[in-house]
1. Are any residues in region B:67-99 surrounded by 18 or more Cβ atoms within 10 Å (Cβ to Cβ) and in a strand (DSSP E or B), and if so, which ones?
2. Can you list the strands (runs of 3 or more DSSP E) lying wholly within region A:17-110 that have 3 or more residues being within 12 Å of another protein chain (Cβ to nearest Cβ) and at negative phi?
3. Looking only at region B:100-115, filter to residues that are modelled with pLDDT of 95 or more and not in a strand (DSSP E or B); which one of those is farthest from the other protein chains (Cβ to nearest Cβ)?
4. Restricting the search to region B:15-40, which residues are in a loop (DSSP other than H, G, I, E, B) and within 24 Å of A:Gln9 (Cβ to Cβ)?
5. What number of residues within region A:10-59 are among the β-branched types (Val, Ile, Thr) and within 14 Å of A:His73 (Cβ to Cβ)?
6. Suppose we keep only residues that are under 13 Å from A:Ala88 (Cα atoms) and either charged (D, E, K, R) or at pLDDT below 95 (or both) within region A:47-75. Which one would you say is surrounded by the fewest Cβ atoms within 10 Å (Cβ to Cβ)?
7. Consider region B:46-64. How many of its residues are touching a residue at least 12 places away in the same chain (Cβ under 8 Å), assigned to a strand (DSSP E or B) and exposed (fewer than 15 other Cβ atoms within 10 Å of the Cβ)?
8. Considering B:Leu43, B:Leu11, which residue is assigned to a strand (DSSP E or B) and either away from chain A (no Cβ under 14 Å) or among the β-branched types (Val, Ile, Thr) (or both)?
Amino acid sequence: KNEVEQSPQNLTAQEGEFITINCSYSVGISALHWLQQHPGGGIVSLFMLSSGKKKHGRLIATINIQEKHSSLHITASHPRDSAVYICAVVSGGGADGLTFGKGTHLIIQP
Amino acid sequence: EAQVTQNPRYLITVTGKKLTVTCSQNMNHEYMSWYRQDPGLGLRQIYYSMNVEVTDKGDVPEGYKVSRKEKRNFPLILESPSPNQTSLYFCASSPRPGQATYEQYFGPGTRLTVT
């Protein structure tokens, strides 16, 4: 079973700072998801990665398959970025579903 | 609008009283799944379905049942709820059969309290 570790667990930063959230996993995967959970509880998918890098607005996600590591970066952070960010991996062929990290609770102060 | 709906959104019930949480998606997705989220434990998979009439256990299936008679619906059944099933439940779907490698669409969540 894949073990997924996220760091840091909690992060408080000032508006405008560059944010990095890390995710590492123990077993080779076919894909990795980054999810965002708003204070109201809803979950939205930010990225799905199987290699390389993806960018959407101020968000950038990278993955290094050999090192079993992924990072989520937020540039020019804003208070509306405050949320829990969750990494989830798909092992093998994907039929096993998702295995999740415990999440990173991000607070951006104005 | 593409969406996953869950009902009810909030439920307080008593131990042993059977309940069903419905999940429906309008995107013609093959893959559907149920998760529970608990403080300190994160999200964990309960059951998943790769297509109609195909279901399988996730990491924490004990005390739950599911069925997939139609592509759009994937209800979660608690035959005899217990307090340790108090949790926040999410249904999700994605387009590819047998693979969770495409974007996951999550329902809004169902907060269940069992007393």
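1. B:Leu76, B:Leu78, B:Ser87, B:Tyr89, B:Phe90, B:Cys91, B:Ala92, B:Ser93, B:Ser94
2. Working: elements: A:19-25, A:29-37, A:43-49, A:52-56, A:59-64, A:69-74, A:83-91, A:98-100, A:104-109.
Counting at least 3 such residues, we get A:29-37, A:43-49, A:83-91, A:98-100.
3. Step by step, filter region B:100-115, then rank; the result is B:Thr115.
4. So the first thing to find is which residues in region B:15-40 are in a loop (DSSP other than H, G, I, E, B), and the list is B:15-18, B:26-30, B:39-40.
Within region B:15-40, B:Pro39, B:Gly40 qualify.
5. Quick first cut of region A:10-59, residues among the β-branched types (Val, Ile, Thr) only: A:12, A:19-21, A:27, A:29, A:43-44.
Cutting the leftovers down to within 14 Å of A:His73 (Cβ to Cβ) gives us A:19-21.
Counting residues in region A:10-59 that are among the β-branched types (Val, Ile, Thr) and within 14 Å of A:His73 (Cβ to Cβ) gives 3.
6. A:Ser50
7. Residues that pass the stated criteria total 2.
8. On inspection, the qualifying residue turns out to be B:Leu11.
The values are calculated or read from the model by the stated rules, or taken from the named source; none is laboratory data. Bear in mind that the values here come from a model prediction, so they are computed numbers and not experimental data. Cβ atoms come from the backbone with ideal geometry, glycine included; neighbour counts cover every protein chain shown.
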